[in-house]
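**Student:** First the structure, then my questions, so here it is.
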2 protein chains.
Amino acid sequence: MKLLEERILKDGKIGAGNVLKVDSFLNHQIDVPFLTLLGKEFHRLYRDSGVNKILTIEASGIGIACLTAVEFGVPVVFAKKTLTNNIYADVYTSSVYSYTHQKNYEIVVSRQFLSNGDRVLIIDDFLAKGSALLALLSLIRDAGAEVVGAGIVIEKAYQEGGAIVRAQGVRVESLARIASMTPGDGITFCD
Amino acid sequence: MKLLEERILKDGKIGAGNVLKVDSFLNHQIDVPFLTLLGKEFHRLYRDSGVNKILTIEASGIGIACLTAVEFGVPVVFAKKTLTNNIYADVYTSSVYSYTHQKNYEIVVSRQFLSNGDRVLIIDDFLAKGSALLALLSLIRDAGAEVVGAGIVIEKAYQEGGAIVRAQGVRVESLARIASMTPGDGITFCD
């Protein structure tokens with residue numbers, strides 16, 4: 001998506017550890033009018049797939065998931081990263097390794113909000129090594145629900161996550177696919 | 001807001017520790033079409049206040065904040081609960097006591113995304129003792145920005161947060177104000 005690539009080139013910053021910082025529009029400040037356009041693009045891609053629920057993971061997936069859900073007219077369920085007092089005991093659980101924080105954490109979704117018969121579109125801000133996406137897929141399978149596909153804002157295509165998930169037969173649509181990224185040479189996108 | 005009160009009575013559950021569980025539509029599963037109506041109500045209340053930014057706190061505030069921001073056409077900034085590798089060092093910080101988790105945590109907002117000249121509407125899902133709201137107000141004041149007011153989905157009016165914040169001269173608009181709540185007698189709303 002040209003508009004997104006241009007925005008990444010304009011506002012993205014390559015930080016320590018080759019991290020792409022897009023927190024001016026995607027995951028700290030959220031440019032809601034801009035993300036609405038991304039939501040419309042996800043809707044264009046998946047509108048014929050019978051999506052009845054969008055699944056994401058807290059916290060940075062929630063904004064883009066909600067703005068996409070507006071287009072579909074469906075609810076969002078967000079997987080929570082820790083088991084709080086406020087959540088029902090009856091949950092689906094999966095494990096995610098965070099490369100940012102260099103530790104494992106659990107994600108949970110209440111069994112009430114994911115079940116067979118659901119046709120689920122996963123929405124997330126980033127896809128790199130695929131740990132979060134694989135964990136969300138595991139929750140959906142545990143629930144007996146159907147995975148329609150995944151909509152990713154930014155895929156680091158030089159990391160293995162996208163290939164692993166697509167090899168499972170899951171449709172993955174990424175609005176921007178980064179082919180390479182270094183502080184010296186900047187960002188190049190896949191054709 | 002009658003529609004919200006009816007939804008709370010229909011789907012809200014009073015859990016252990018007199019916690020109101022509304023995770024079927026507000027803070028685990030997000031009923032996006034319904035929350036869009038709440039966003040329109042916040043817009044009706046604050047549309048003449050010159051709001052140019054919405055501030056909330058991760059994770060459960062992000063959905064309603066984004067759906068409200070759609071109506072205003074402004075960005076959302078969400079305060080983060082821990083300092084990650086991905087955030088700029090240059091942040092405003094404040095402390096929140098979580099009664100749910102019974103511990104203090106820090107919230108941070110990058111100085112890039114809050115500054116004087118901003119006219120900020122705070123949006124959050126709950127107001128009870130006011131700890132999170134007071135911390136957000138502190139961030140806004142540290143930034144030299146203007147607080148337009150706060151839009152709260154559910155206020156527990158029998159707890160002190162709303163009174164404390166209103167006594168500071170801050171406009172607080174809550175779409176549902178709970179007067180009392182017990183597992184035996186259920187939920188009653190303020191007039």
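The values are calculated or read from the model by the stated rules, or taken from the named source; none is laboratory data. Since the structure is predicted, the reported quantities are computational estimates derived from the model, not experimental observations. Heads up, the Cβs are rebuilt from the backbone with ideal geometry, glycines too, and the neighbour counts pull from every protein chain shown. Heads up: the accessible areas ignore ligands, DNA and RNA and are worked out on the full protein's heavy atoms, side chains in. Shrake-Rupley method; radii C 1.70, N 1.55, O 1.52, S 1.80 Å.
**Student:** Does B:ALA167 count as within 13 Å of the chain's Cα centre (by Cα) and at negative phi? Spell out the reasoning first.
**Tutor:** Numbers: within 13 Å of the chain's Cα centre (by Cα): no; at negative phi: yes.
No; evaluated as a whole, the condition is false for this residue.
**Student:** Could you tell me which numbered condition B:SER94 fails, if it satisfies all but one of (1) at pLDDT 95 or above; (2) in contact with a helix residue (DSSP H, G or I) (Cβ under 8 Å, 6 or more places away or on another chain); (3) away from chain A (no Cβ under 12 Å)?
**Tutor:** (1)
**Student:** Hey, can you tell me all the residues within the stretch A:126-157 that are of a type in the set (Val, Ile, Thr) and closer than 21 Å to A:ARG44 by Cβ? Show your work before the answer.
**Tutor:** Quick first cut of the stretch A:126-157, residues of a type in the set (Val, Ile, Thr) only: A:140, A:147-148, A:152-154.
A:VAL147, A:VAL148, A:ILE152, A:VAL153, A:ILE154, listed by residue number.
**Student:** Of the residues in the stretch B:101-131, how many are open to solvent by less than 10 Å² (accessible area, probe 1.4 Å), part of a loop (DSSP other than H, G, I, E, B) and farther than 27 Å from B:ALA157 by Cβ?
**Tutor:** 1
**Student:** Only one of B:THR100, B:THR82 is more than 7 Å from chain A (Cβ to nearest Cβ) and either under 28 Å from A:GLN102 (Cα atoms) or in contact with a helix residue (DSSP H, G or I) (Cβ under 7 Å, 6 or more places away or on another chain) (or both); which?
**Tutor:** It is B:THR82.
**Student:** Ok, one more. Does B:LEU3 count as more than 8 Å from chain A (Cβ to nearest Cβ), touching a residue at least 12 places away in the same chain (Cβ under 8 Å) and not in a strand (DSSP E or B)?
**Tutor:** Values: more than 8 Å from chain A (Cβ to nearest Cβ): yes; touching a residue at least 12 places away in the same chain (Cβ under 8 Å): yes; not in a strand (DSSP E or B): yes.
Judged against the criteria, B:LEU3 is a match.
**Student:** OK, next. Being open to solvent by less than 10 Å² (accessible area, probe 1.4 Å) and assigned to a helix (DSSP H, G or I) is true for just one of B:LEU139, B:LEU134. Which residue is that?
**Tutor:** Details: B:LEU134 fails: open to solvent by less than 10 Å² (accessible area, probe 1.4 Å).
It is B:LEU139.
**Student:** For the stretch A:158-177, give me the residue count where each residue is open to solvent by 30 Å² or more (accessible area, probe 1.4 Å) and part of a loop (DSSP other than H, G, I, E, B). Full working, then the answer.
**Tutor:** So in the stretch A:158-177, the residues open to solvent by 30 Å² or more (accessible area, probe 1.4 Å) come out as A:158-160, A:163-164, A:166-169, A:171, A:173, A:177.
Retained after the next criterion (residues that are part of a loop (DSSP other than H, G, I, E, B)): A:158-160, A:168-169, A:171.
Within the stretch A:158-177, residues that are open to solvent by 30 Å² or more (accessible area, probe 1.4 Å) and part of a loop (DSSP other than H, G, I, E, B) number 6.
**Student:** Taking the stated definitions as given, is A:SER180 under 26 Å from B:ASP23 (Cα atoms) and surrounded by fewer than 20 Cβ atoms within 10 Å (Cβ to Cβ)? First the steps, then the outcome.
**Tutor:** Numbers: under 26 Å from B:ASP23 (Cα atoms): no; surrounded by fewer than 20 Cβ atoms within 10 Å (Cβ to Cβ): yes.
Against the criterion (under 26 Å from B:ASP23 (Cα atoms) and surrounded by fewer than 20 Cβ atoms within 10 Å (Cβ to Cβ)), A:SER180 does not qualify.
**Student:** Let me ask something else about it. Tell me which of these B:PRO75 doesn't satisfy, since it passes every other one: (1) open to solvent by less than 20 Å² (accessible area, probe 1.4 Å); (2) modelled with pLDDT of 95 or more; (3) under 21 Å from A:PHE25 (Cβ atoms); (4) of a type outside the set (S, T, N, Q).
**Tutor:** All conditions are met except number (1).
**Student:** For the stretch B:39-65, which positions are assigned to a loop (DSSP other than H, G, I, E, B) and among the hydroxyl-bearing types (Ser, Thr, Tyr)? Spell out the reasoning first.
**Tutor:** Of the stretch B:39-65, the ones assigned to a loop (DSSP other than H, G, I, E, B) are B:47-52, B:58-61.
Answer for the stretch B:39-65, where residues must be assigned to a loop (DSSP other than H, G, I, E, B) and among the hydroxyl-bearing types (Ser, Thr, Tyr): B:SER49, B:SER60.
**Student:** Give the stretch A:43-58 a look and list any residue that's touching a residue at least 24 places away in the same chain (Cβ under 8 Å) and not basic (Lys, Arg), or say none.
**Tutor:** As a first pass, look at the stretch A:43-58 and keep what is touching a residue at least 24 places away in the same chain (Cβ under 8 Å): A:43, A:45-47, A:49-57.
Once the filter is applied, which keeps residues that are touching a residue at least 24 places away in the same chain (Cβ under 8 Å) and not basic (Lys, Arg), the stretch A:43-58 yields A:HIS43, A:LEU45, A:TYR46, A:SER49, A:GLY50, A:VAL51, A:ASN52, A:ILE54, A:LEU55, A:THR56, A:ILE57.
**Student:** Which residue pairs have Cβ atoms under 6 Å apart, sit 6 or more places apart or on different chains, and have a first residue in the stretch A:113-138 that is among the β-branched types (Val, Ile, Thr) and a second that is in a helix (DSSP H, G or I)?
**Tutor:** If the second residue must be in a helix (DSSP H, G or I), the pairs left are A:VAL120/A:ILE140; A:ILE122/A:LEU136; A:ILE123/A:ILE64; A:ILE123/A:ALA65; A:ILE123/A:THR68.
**Student:** Could you please find all residues in the stretch B:6-23 being facing another protein chain (nearest Cβ under 10 Å) and in contact with a Ser or Thr (Cβ under 9 Å, 6 or more places away or on another chain)?
**Tutor:** B:LYS13, B:GLY17, B:VAL19, B:ASP23
**Student:** When you look at A:LYS40, is it within 9 Å of chain B (Cβ to nearest Cβ), closer than 23 Å to A:VAL170 by Cβ, of a type in the set (D, E, K, R) and in contact (Cβ under 8 Å) with a residue 12 or more places away in the chain, yes or no?
**Tutor:** Numbers: within 9 Å of chain B (Cβ to nearest Cβ): no; closer than 23 Å to A:VAL170 by Cβ: yes; of a type in the set (D, E, K, R): yes; in contact (Cβ under 8 Å) with a residue 12 or more places away in the chain: yes.
For A:LYS40, the condition - within 9 Å of chain B (Cβ to nearest Cβ), closer than 23 Å to A:VAL170 by Cβ, of a type in the set (D, E, K, R) and in contact (Cβ under 8 Å) with a residue 12 or more places away in the chain - is not met.
**Student:** Turning to a different aspect of this structure: Any idea which of A:THR36, A:THR68 is among the hydroxyl-bearing types (Ser, Thr, Tyr), surrounded by 23 or more Cβ atoms within 10 Å (Cβ to Cβ) and assigned to a helix (DSSP H, G or I)? Break it down into steps so the answer makes sense when it comes.
**Tutor:** Values: A:THR36 fails: surrounded by 23 or more Cβ atoms within 10 Å (Cβ to Cβ).
Testing whether each residue is among the hydroxyl-bearing types (Ser, Thr, Tyr), surrounded by 23 or more Cβ atoms within 10 Å (Cβ to Cβ) and assigned to a helix (DSSP H, G or I) leaves just A:THR68.
**Student:** While we're here: Go through the stretch A:7-26 and give me each residue that's touching a helix residue (DSSP H, G or I) at 6+ places or on another chain (Cβ under 9 Å) and assigned to a helix (DSSP H, G or I).
**Tutor:** Residue satisfying the conditions is A:ARG7 alone.
**Student:** With respect to A:ILE87, determine if the residue is modelled with pLDDT of 95 or more and either within 7 Å of chain B (Cβ to nearest Cβ) or on the phi < 0 side of the Ramachandran plot (or both).
**Tutor:** On the way: modelled with pLDDT of 95 or more: no; either within 7 Å of chain B (Cβ to nearest Cβ) or on the phi < 0 side of the Ramachandran plot (or both): yes.
It is false that A:ILE87 is modelled with pLDDT of 95 or more and either within 7 Å of chain B (Cβ to nearest Cβ) or on the phi < 0 side of the Ramachandran plot (or both).
**Student:** How many residues are surrounded by 12 or more Cβ atoms within 10 Å (Cβ to Cβ) and not in a strand (DSSP E or B) if we restrict to the stretch A:90-99?
**Tutor:** Applying the first criterion (surrounded by 12 or more Cβ atoms within 10 Å (Cβ to Cβ)) to the stretch A:90-99 yields A:91-99.
From what's left, not in a strand (DSSP E or B): A:99.
Here the count works out to 1.
**Student:** Are any residues in the stretch B:30-67 of a type in the set (Ser, Thr, Tyr) and within 19 Å of B:ALA145 (Cβ to Cβ), and if so, which ones?
**Tutor:** B:TYR46, B:SER49, B:THR56, listed by residue number.
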